[in-house]
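Scroll down for the structure; my scribbles are underneath it.
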Amino acid sequence: VFVLYQPNPTFKKVYNYVQNKGASVFTITGPKTNWTFLNQVQNTVTKEDFNEEEVTPSKNDGFGLFDISDFDLNDFPPITSSLGTMLISKPYETVAYQKIKGVSLNEPLFFLVDNTGMKEAFLLGENSWKWRVEAYRNTKSFKAFDDFMGKVLLFLSQSKRKSRLELSYESVY
């Protein structure tokens, strides 16, 4: 799993390596991300950024790739994101939506892509360390946030899709 923070043209060799190996990628973008470059080197997200904004997460209660019911992103501090028209070309599942100045948008802030072979995660904002601090402030422990991020990284590192419930049994007549 490769964690790429605010990619720019210096990441060209990394993206070539990732594509050749079919490795999973966790991309964290923000105001310093070069979207012209990013739009060229990957084909999951295309974005035209035009404005920097503070964006608050709004948890997607319908998220189903793995259990995040014990982690609450609501009322977390904002992170800095670059707004703009975005097109996601692969099937994805949203972990958190964007909320700006109290208004919920139907745009993903944090989402996962379970593509055949290569899995991807996108966090469209910088300063997610604020979320970890807020989780500690709320529970006096980093465990909830660290477990949540551990589940994201476990999802990215698994090569085969797992189902939540599997039954193996032999028929008895």
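Are any residues in the range 14-66 exposed (fewer than 13 other Cβ atoms within 10 Å of the Cβ) and either under 13 Å from the mean Cα position of the chain (by Cα) or hydrophobic (A, V, I, L, M, F, W, C) (or both), and if so, which ones?
Listed by number, the list holds a single entry, F50.
May I ask you to say which residue of K90, K101 is of a type in the set (D, E, K, R) and farther than 13 Å from S58 by Cβ?
Exactly one residue qualifies, and that residue is K90.
Restricting the range 105-115 to residues that are over 13 Å from the mean Cα position of the chain (by Cα) and part of a strand (DSSP E or B), which is surrounded by the most Cβ atoms within 10 Å (Cβ to Cβ)?
Taking the range 105-115 and keeping what is over 13 Å from the mean Cα position of the chain (by Cα), we get 105-106, 115.
If we keep only those that are part of a strand (DSSP E or B) as well, we get 105-106.
Values: L105: 13, N106: 7.
Only one residue tops the list, namely L105.
Can you name every residue in the range 3-27 that is of a type in the set (A, V, I, L, M), in contact (Cβ under 8 Å) with a residue 60 or more places away in the chain and either closer than 20 Å to N127 by Cβ or part of a strand (DSSP E or B) (or both)?
Answer for the range 3-27, where residues must be of a type in the set (A, V, I, L, M), in contact (Cβ under 8 Å) with a residue 60 or more places away in the chain and either closer than 20 Å to N127 by Cβ or part of a strand (DSSP E or B) (or both): just V25.
FYI, it's all coordinate maths here, none of it is from the lab. What you are looking at is a predicted structure, and each value in this text was computed from that prediction instead of being measured. For neighbour counting, all protein chains shown are included, and Cβ atoms are generated from backbone atoms with ideal geometry for every residue, glycine included.
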